[in-house]
Ligand SMILES: Cc1ncc(COP(=O)(O)O)c(C=O)c1O
């Protein structure tokens, strides 16, 4: 049958691709696979959250739709949680609960763009963003994550609808400072476009301070769209728990897409999110500290080998240059599977010109296993 050619040029999901290299492979017990491929908290959700969800599941209402934007009491909990985390935050009418941060991203693109429009995204980029944009006919225009504001301004033209930034970054872990975020917001305001912030990993910023001060401004709804993932914050990635934060009028507009796309975030997920927001601040802070320890140990040990260059690191991720200039990132990642029994993502899935890099999601690896994981790179080091 006739089909849209649009998807022919969209990248295949890279994690699915890397996992397919492992299908049917068995790794010996003395050298098991070290999975540095996907960023998933490796710990279970808090047991009290699970008990809370189980209690709700017996009620008949749990099995039916909620309002498209989510239950009012859940959005109240999310709003209060933002007030604590950011010092200020959206009111419940400025929040729409979504199927992960992923769906919030789609809502934001559909709110802002038509096919042919452009969105400025950072390089390296989180691969799902260009994939989604290209599927919608939106043109991603890359600017280096750490470029100055002038470089972002130079990339703006009459088709530009938004500057989309991921902080902390996937794949590098790098963080935008509150000052840089203010400057990008001012730039978006000057050009009457949106600053879209994907703050999926904000619970893993190495400080209890607010990631930025934009929510303290009365005018933030004019040019800011934000989204985040409770999947990462509360270790619920499979529950598909995210939220979109935007001007109330935009949220109403987004409901036209929400209703036709998913109707609502599942109620079970909403009960889990509300419980997490109301009760788990200390647990989230404790996990943040644990992830910091993993980060610090990984970076310390990794810098003891000198074949792979550690270029950047932060929440969950290290961004490294591999030592084989003749190999693409894909070839290097396959070599790591074959020789080191390590899976990771090739640099080029994060944007053009990044074949020399790999993303290592060390956040999946428990502290006691990090020396063994880094040893795999050291062993390769001596053979290359
Ligand atoms: C930067 C970034 N944004 C969005 C997502 C999607 O999050 P969710 O699982 O909540 O859809 C991810 C998932 O890894 C991510 O890394």
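Here, each number is a calculation from the coordinates, and none is a lab measurement. Source: prediction; values computed, not measured. Because the Cβ atoms are built from the backbone with ideal geometry, glycine has one as well, and the counts that use them run over all protein chains shown.
Per-structure values
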read-out: Quarter of Cα convex hull surface for segment 1-102, i.e. mean projection, nm²; value: 13.1 nm²
read-out: Estimated inter-spin distance, residue 16 and residue 76, nm [label 7 Å along Cα→Cβ]; value: 4.1 nm
read-out: Relative frequency of Cα-Cα separations exceeding 35 Å in the chain, percent; value: 26 percent
read-out: Translational diffusion of segment 186-235, µm² s⁻¹ [Kirkwood Rh, Cα pairs; Stokes-Einstein; 4 °C; 1.567 mPa s]; value: 106 µm²/s
read-out: Mean separation of Cα contacts under 8 Å, 6 or more apart, over the residue count of the chain: relative contact order %; value: 24 percent
read-out: Projected label distance in nm at residue 154 and residue 252, using a 7 Å step from Cα toward the beta-carbon; value: 4.2 nm
read-out: Longest to shortest principal axis, alpha-carbon extents of segment 215-299, angstrom; value: 46, 33, 25
read-out: Stokes-Einstein D (µm²/s) once Rh is taken as the Kirkwood radius of segment 274-384 over alpha-carbon pairs, at 4 °C in 1.567 mPa s; value: 87 µm²/s
read-out: Among 77-86, 136-145, the order from most to least packed when residues are scored by Cβ within 10 Å on average; value: 77-86, 136-145
read-out: Between 0 and 90°, nearest 10: helix 100-112 axis offset from the chain longest Cα axis; value: 60 degrees
read-out: Förster radius 51 Å - calculated FRET efficiency between residue 58 and residue 6 (Cβ-Cβ, nearest 0.05); value: 0.70
